[in-house]
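Heads up, the thing below is written out as structure tokens.
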Amino acid sequence: MMEALTVRGPEKNMAASEETSAAIPRSGSASRLLATYRSEIALAVAILLIMGVVSFWSPQVFSYGNIANVAQSAAPLVIMALGVLLVIITSGIDLSVGSTFSLSGMVAGLAMSAGAAWPLACVAGLAVGIAVGAINGLLVTLLGLAPFVVTLITYAVGASLAFVITDGHSIALLDPTFYLLNGGQLIPGVTNYVMFCLLGTIAIELGLRKLVMGRWVYAVGSNDKASRLLGIPVNGIRAGVYVIAGLLAAFSSMLSLSYISNSEATSGANMMLQAIAACVIGGASLFGGTGSAVGAALGAIMITVIQNGVNLIGINSFWQGSVTGLVILVAVLIDRLAKVRA
Amino acid sequence: MMEALTVRGPEKNMAASEETSAAIPRSGSASRLLATYRSEIALAVAILLIMGVVSFWSPQVFSYGNIANVAQSAAPLVIMALGVLLVIITSGIDLSVGSTFSLSGMVAGLAMSAGAAWPLACVAGLAVGIAVGAINGLLVTLLGLAPFVVTLITYAVGASLAFVITDGHSIALLDPTFYLLNGGQLIPGVTNYVMFCLLGTIAIELGLRKLVMGRWVYAVGSNDKASRLLGIPVNGIRAGVYVIAGLLAAFSSMLSLSYISNSEATSGANMMLQAIAACVIGGASLFGGTGSAVGAALGAIMITVIQNGVNLIGINSFWQGSVTGLVILVAVLIDRLAKVRA
Amino acid sequence: KAGDKKYTVAVIMPSLDISYWQWVAYGAKTKAAALGMNYMELDSHNSPTEQMSNIKTAITKGANAIVIGPVSSTSTPPVLRFLKEQKVPIAFTGIGPQPGQTDYTSSVTANNEESGKAEGKFVCQLAKERGGAKVGMLSLPQDRENAQKYLRGAQAAFKEGGCDLVQILQTKGLTVREAVDEANDLLTAHPDITAIYGMYDEAATGAAKVLQTRNLVGKIGVVTADGSPTTVKLLRDGVIQGLFLQEAGGQGIEATQQVYNALTGKPTVKEMPLTEPLVTAKDVGSPEAQAKLKRVYPPSAGQY
Amino acid sequence: MSRSASTTFVLEATDIEKTFGATNVLQKARLRVARGEIHALLGGNGAGKSTLIRIVSGSLHRDAGAIQVSGQSNYDAGAIAVVFQELALLPDLTVAENICLPHRRDAFGRVDARHMRAQAARALAVIDPALIALLALPASRLDLHQRQLVEIARALSSGAQLILLDEPTANLTFADSERLFTALRRLTQQGISILLVSHRMSEIRTVADVCTILRDGKSVVDRRPLAEISDEEIVRAMMGEGREKATAPAGAAAPATSGGVTLGLAKDRLALTLAPGSVLGLAGAPEGPAGVIAALIGSASHPAWSITVNGEPRRFRSPADAIRSGVGYVSGDRAEKGVLATLPIVDNLAAAGRVARKRWLVSSGEVQDALGALKRLAIKANSLYALPQTLSGGTQQKLLIARWLDLAPKILVLEEPTRGVDIGTKREIYNIIGVVAAAGSIVVWWSTEFSELAQTCDHVIAFDLHGAISGLLKQDEITEVAMTRATGMAA
Ligand SMILES: Nc1ncnc2c1ncn2[C@@H]1O[C@H](COP(=O)(O)OP(=O)(O)OP(=O)(O)O)[C@@H](O)[C@H]1O
Ligand SMILES: Nc1ncnc2c1ncn2[C@@H]1O[C@H](COP(=O)(O)OP(=O)(O)OP(=O)(O)O)[C@@H](O)[C@H]1O
Ligand SMILES: [Mg+2]
Ligand SMILES: [Mg+2]
């Protein structure tokens, strides 16, 4: 079952990627990268295939405007999925990210409508994310409760508080410069939401592969007991990933807020399942120990691309779920095939 | 982590409950039952405690009418949770039960409104459940895909088809005898929904504890690879639990339909997470190998009792999620305490 | 000149899982066909992000006009800003734009607060007729503006009429199943209420079911809004005493007409509040009521 | 024994081929087991023994070759009982279920608790009656030693005519092994055939009749009676000519330790101070040594043992604390306590160093270190980036030892470190222990193989069957006989 549940190959967890040795036949670093990211490449190919199929009906799918639109709407999911990925690698699960998205958005919105400058309001929103993550982490590590139960509880409480703090009213954000967080260009030529996604994915990917702490995240998910005996700070790692997941969910919310300039209590409701799905499509196993940031990001993009595709083709909304499901099935089968081949 | 995820102790899976052997000091079968069901008893106590607290505000909580009402509204969740439990014990997950509930309900509704007698319509509904379960089972076993992905796909497809088949319209069921499925008394003095819940729980509990097949379900979830090596028909068991989960989800839908006499495409939407939560609250671990039918049923009842309680007290709906979350936390902590004590 | 070009209207609904919005879309679709427009339909799944993405996708696909049921009023400013840039006319259905916004063609809504008041008044009257003054409410989720407005209106009416709103329960999934459980709890906690305000069809359907089970039909009055084949039948059967019709289909029809007018240079009406008339068992068969009903839901949904 | 007609072979596997990716694991391997014999299957780590067993038992497909069981090529794999090297227990089921359930094929059959317990108790009694007390426990609560015994009990009670035991004694105490052998002999008298894999030369000689030796997937010795083959021949056949018997402890291999420590251990009336460079053996059933080890590696919250380092009282609060204070630890329970199964070999090797050296970054030097470690222990791996599960059992064990090679721990705690390791590598490990000690470190070593303790230790604490201290042996007193007596393991 372990095997069955791992949608992607195991090689993902390689630490070093540049080095080869005498004992082991030297392969070019390009071919190594190819091997390491076989599953991600299969996913990317699947995404292009989907777009290719869509282009038969709607050639605009490859237009700059459409791609920007897809990127824009994928961005919050990508960021959230990166945090969820870390939790999943440790063999945990975080159901609370959706309501953290909503709650932190409401808090930031409330702060702004109370007159706070948007950077300050965002700090408040991020603090909410960190707080929820910290509570998750503490309950999971100190009390040893099941992550599913803990984050189900914080999910329910967070969703509820998102309503409570504004009595259910949504908030229009009127600060004319707030759009800059999402739509500005800290790096000239690259709009921020693209930059944050790229930066986030690269940072998490490198962190997981090149930092000792990153390797520990895999170790904890791989073998909790052995990790303890190896002196790995298992509780610290576990608590840490929930905090990061909370923080990224909140950041994802700020980005979305900045784009939509509107804060709503249910805005994150659909995102939790999508974020987990993105990780799993991207190769993470819910049993822990595997997964990559690039995969999770591609998973999130695939979900968005499919949604975009069914809309462009103009598939009746009742049929959309069926089409989405079947496309994911095909994508997962392509990945499977890529694995069998190798 | 495994430990952390197992809300309940391991003794649950002991097969024997009646027998003692010479080498082992004999303890009374009452005290034995107490030990085996410690966690379930803690849960039952927690449920009574919740009702006790509610009675301060609303003494009607203990009235016959209210208890019947809670039982009635818990029944579909109990039945669905029993199926989900089997999947969870094998370390799988079934996200599709919610949409199976909806889809089978729509199919049965459609059949009835096309003039089919209700038993026939129910058979059609149940067939849908079996079909979805069989697809899940095949994709998980033959293609070796992750249960999360497979059932996410069937969840999406099922939810979509529930809209497609009636073009989104809900169906009022007018057959005046259909209520009998839920409200009749096959056993005089016991209304059917109570009977189905009791029977279902006892059947699954005994099946899990006393049948070779039931022990295999635990074996598969406990160690898939070892089970294969030992010649246990792992694929058969895996496929089987998804089929049963689909069937029970569909049956749960028929029961609900019979009570509500109205078939809606979104009726099962919230139930999936609740059913999984019921199993986990009842002591199942998402890593497989543990869980009991009695626990899952009590978990489902607890979820319903909390909902009933907040409604009776008249807690503002915005606060309900917070209260529900905190009550579950307390219940889980009581269980934890019961475990530490023993 | 209008005949030369085939216009495309994009209908963007907050959630097509909900029959109300399906019917708005249906109205728009039939009207678009009548006007010779191409039609596309997008679902925002209650997410403002998806709503924005849908707007852009619609433009990408060549939509010339938008008919929208927004996820919320507050979510509308960026939508309006974007569409202004694109010079695409937009009409609202069901839920209007954020106050202060002006860059839209038309807003076809029901006056929820006024309707709430009228509904509250009728509920209170039913309660009094049944010898009590306590009423209960099964509400739409109160994070929706229309729900907040209905509630505000109803509360005002209750205060005026001397009725006591003893409990509000919100259904989150908008299903009959949920409403049944809540109506049960409502009656357990407050056995002395004499009327129930079900804010939308499923809520009232659930309440009606519970009254039937508890043999309380007629003893407790039920009032609802919107209108569906199920509630119409319950009204005819006397389980529900009052139904305030909201023209779901009509909103789609009018909004589509308005954007078409904007495209073809005809005059438009900026604010178009549609009334929500009360129908009862007595007058549901009247030609006026029947005509109105036909603007609520399509024939495929069920009988009128 | 019966070396007559080939028709008497219970198992006849010929020309078996198996490749994993690019590696030829089995090349025309041949294995023939006659009725009623105990047949030793020998070979170095990675020779292909376990692969051959998995193929015969039907859990792995062969690429080519023929297998006949009792003359039938269409045999029911279920009729062969197997104890797999990496054990196949069901952790959430009870011991009784673990023994009885796998024999059941009737899906709808009832689980009769009394019958099952009695049956399981009988199976356990053959191995060790003390185990009957564990019947109702879930298998997850057993230690490695107990798990191994339960597996053996399951195989022996299966009623199969052919029993394949892949290193069953690797985790067993001397006494347990003795009882096992007695049971095996009894089974052979009933005509049952046993295939036994072991790296312990002495026990092979004691119990087995015939041997087949694999080297690099080829049957280099095919069915030779053990009486006709010398130890030296066996070792040469296993290792090949190319590989030296023992790598000389080259100067380069000596870890650069900054002086040594003295270690004091005390419990009850025992107080022992070890000078730098000491090798302390722990002998006896698992309960006793487990206490010392837990205290030394910081895994027990309330250790029964008190520890002094350089005369100062010291309590290790956590494994991390212990590692950072210079304590290294290798366990033979690799699946549970050692291997990180979803991480590649290089991470498995670097894991301890990253903690001990408080590293923040994954350095490219780790790859070089890993290659060096693999070379020193002659570990064959396709790639540093392969998963540990692609290695043979003994090779995985070597990985766990290799983790510590460059770290020069001040105190090295070994818990059955040579479990499943072949004879050649064992010698290398003894050498390493010698080198580590020579550099001033202290080695604390629990082994169920008294001969290895006798060979390397200067102190031995013996524990009785209940885990109580039953003796302290020094220098010349350390003999297998003395340890057997002190531990009460004279079966
Ligand atoms: N949770 C537990 N923690 C510690 N020891 C346990 C646990 N469960 C069982 N044991 C031990 O396992 C042995 C069997 O105890 P248990 O209570 O399961 O009796 P049993 O095997 O069910 O008895 P019977 O033969 O009457 O069925 C006892 O020695 C007991 O101490
Ligand atoms: N799944 C696999 N993928 C790749 N190579 C494998 C796999 N399983 C085993 N091997 C390789 O096959 C060879 C033989 O392994 P096997 O486990 O049969 O050895 P063994 O003789 O049992 O060794 P030991 O004494 O260490 O148990 C080894 O080189 C091992 O690396
Ligand atoms: Mg082996
Ligand atoms: Mg017992």
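Here, each number is a calculation from the coordinates, and none is a lab measurement. Just so it is clear, the structure is predicted and the values come from calculations on it, not from any experiment. Positions of Cβ are backbone-derived with ideal geometry, glycine not excepted, and every protein chain shown enters the neighbour counts.
In the elastic network of chain A, a GNM with C-alpha springs shorter than 10 Å, the most mobile of A:LEU255, A:LEU180, A:LEU247 is A:LEU180.
When you count, for each residue, the other Cβ atoms within 10 Å and take the mean per peptide, how do B:45-55, C:225-235 rank with the highest first?
Values: B:45-55: 16.7, C:225-235: 24.9.
Ranking the peptides B:45-55, C:225-235 by packing returns C:225-235, B:45-55.
All Cα-Cα distances of chain C, cut into 20 Å bins from zero to the largest, leave 35, 52, 12, 0 percent in each bin in turn.
Projected label points at C:SER300 and A:ALA203, each 7 Å from Cα along the beta carbon direction, are separated by 4.9 nanometres.
Lys and Arg at +1, Asp and Glu at -1: add these up for the other residues within a Cβ distance under 14 Å of B:THR166 and post the number. The partial results should precede the final answer.
Numbers: positive: none; negative: B:ASP167, B:GLU264, C:ASP17.
Here the count lands on -3.
Placing a label point 7 Å from Cα along the Cα-to-Cβ axis, B:VAL45 is separated from the same position in the other copies by 5.9 nm, shortest listed first.
Helices in chain A, meaning DSSP H runs of at least 4 residues, each add -39500 (n - 2.57). Divided by all residues, the mean residue ellipticity at 222 nm is -23500 deg cm²/dmol. Among the lysines of segment D:330-421, pairs that are 8 or more positions apart or on different chains and have alpha carbons within less than 17 Å of each other number 4. With both labels modelled 7 Å from their Cα along Cα-to-Cβ, the D:SER325 to C:GLU271 distance reads 7.9 nm. Here the dipole of the protein assembly as shown is about 1120 debye; that uses its Cα centre as origin and unit charges on the Cβ of Lys and Arg (positive) and Asp and Glu (negative).
Per-residue mean of foreign Cβ neighbours for D:104-114 is 6 (Cβ atoms of other chains, 10 Å radius). In the structure shown, do any of C:LYS56/C:LYS292; C:LYS56/C:LYS270; C:LYS31/C:LYS233; C:LYS5/C:LYS149; C:LYS149/C:LYS294; C:LYS29/C:LYS266 have a Cα-Cα gap over 31 Å, and if so which? Pairs exceeding 31 Å: C:LYS56/C:LYS292; C:LYS5/C:LYS149.
Straight-line cross-link partners of D:LYS474 among the aspartates and glutamates, defined as a Cα under 16 Å from its Cα and at least 8 positions apart when in the same chain: D:GLU452, D:ASP458.
Which value in deg cm²/dmol, rounded to the nearest 500, describes the helix-derived mean residue ellipticity at 222 nm for chain D, given -39,500 (n - 2.57) per DSSP H run of n ≥ 4 and division by the residue count? Show your work: numbers first, answer last.
Numbers: 16 runs with 159 residues, N = 491.
Helix-only estimate at 222 nm: -9500 deg cm²/dmol.
Taking a span of 18 Å or more along the helix axis (Cα atoms) and a mean Kyte-Doolittle hydropathy of at least -0.5 as the rule, the DSSP H helices of chain B that qualify are B:38-57, B:64-89, B:97-113, B:118-141, B:147-164, B:192-210, B:234-260, B:293-313, B:317-341.
With contributions of -39500 (n - 2.57) from each DSSP H run of at least four residues, the per-residue ellipticity at 222 nm computed over chain C stands at -14000 deg cm²/dmol.
Rounded to the nearest 0.05, the FRET efficiency derived from the C-beta distance between B:TYR64 and D:GLN72 at R0 = 56 Å is 0.25.
Among A:THR266, C:THR224, which comes first, second and so on when ranked by fewest other beta-carbon atoms within 10 Å? Show your work: numbers first, answer last.
Working: A:THR266 24, C:THR224 29.
So the residues, fewest neighbours to most, are A:THR266, C:THR224.
When only alpha carbons are used to place a centre, segment B:275-309 and segment C:38-75 end up 40 Å from one another. Taking the DSSP beta bridges with both ends in the protein assembly as shown, the antiparallel portion is around 40 percent. Counting Cβ atoms of other protein chains within 10 Å of each residue's Cβ and taking the mean over peptide C:140-147 gives 4.
If you take every DSSP beta bridge whose two residues both sit in segment D:411-491, what share of them, in percent to the nearest 5, is antiparallel? Write down the numbers at each step before the final one.
On the way: 5 of 10 bridges.
Roughly 50 percent of the beta bridges in segment D:411-491 run antiparallel, per DSSP.
For the peptide A:151-158, the mean number of other protein chain Cβ atoms found within 10 angstrom of a residue's Cβ is 6. Within the shell defined by Cβ-Cβ distances under 15 Å, the residues around B:SER267 carry a net charge of -4, with Lys and Arg each +1 and Asp and Glu each -1. One chain, two ends: D:ARG185 and D:ALA79. Fully extended at 0.36 nm per residue, the span grows by 36.2 nm beyond their Cα-Cα distance.
Distances between equivalent label points of A:GLY115 across the copies, with each point positioned 7 Å along Cα→Cβ, amount to 7.2 nm, shortest listed first. Return the percentage of antiparallel bridges among DSSP beta bridges fully within segment C:180-304, rounded to the nearest 5 %. Counting only bridges with both partners in segment C:180-304, antiparallel ones make up about 20 percent. Any idea what angle helix C:201-213 forms with the longest principal axis of chain C, computed on alpha-carbon atoms, 0 to 90 degrees, nearest 10? Rounded to the nearest ten degrees, it is 20. Taking the charge dipole of segment B:61-341 about its Cα centre, with +1 at Lys and Arg Cβ atoms and -1 at Asp and Glu Cβ atoms, the residue from B:VAL150, B:LEU206, B:ASN262 reaching farthest to the positive side is B:LEU206.
Put +1 on the Cβ of each Lys and Arg and -1 on the Cβ of each Asp and Glu in segment A:150-308; which of A:VAL190, A:LEU230, A:GLY289 then has its Cα farthest toward the positive end of the dipole? Result: A:LEU230. The C-alpha atoms of chain D define a longest principal axis, and helix D:423-438 lies at about 10 degrees to it.
Counting only residues at least eight positions apart within a chain, or on another chain, the aspartates and glutamates with an alpha carbon under 15 Å from that of C:LYS84 are C:ASP103.
For the pair A:SER29 and D:ASP143, a Förster radius of 51 Å applied to the C-beta separation gives a FRET efficiency near 0.70, rounded to the nearest 0.05. Across identical copies of the chain, B:TRP57 has label-point separations of 4.9 nm, listed in ascending order, with the point defined 7 angstrom from Cα along Cα→Cβ. Note on segment A:269-342: Cα convex hull, mean projected area over all directions, 5.8 nm². With the cut-off at under 15 Å, measuring from each backbone N in segment D:143-176 to a point 7 Å along the Cα-to-Cβ line of D:ALA125 picks out D:157. Once the Cα atoms of helix D:345-356 and of chain D are each reduced to a long axis, what angle between those two axes, in degrees from 0 to 90 to the nearest 10, is obtained? The angle comes out near 20 degrees. For segment D:309-332 and segment D:27-62, what is the centre-to-centre distance using only Cα atoms, to the nearest Å? Cα centroid of segment D:309-332 versus Cα centroid of segment D:27-62: 41 Å apart.
Once R0 is set to 25 Å, what does the formula 1/(1 + (r/R0)^6) return for the Cβ-Cβ distance between C:VAL166 and B:LEU326, expressed as a FRET efficiency to the nearest 0.05? Could you put the intermediate results ahead of the total?
Working: r = 25 Å, r/R0 = 1.00.
The pair C:VAL166/B:LEU326 has a calculated efficiency of 0.50.
Exposure proxy check: D:LEU473, D:LEU349 ranked by fewest other beta carbons within 10 Å? Please list the in-between numbers first.
Working: D:LEU473 21, D:LEU349 27.
Ordered from fewest to most neighbouring Cβ atoms within 10 Å, D:LEU473, D:LEU349 come out as D:LEU473, D:LEU349.
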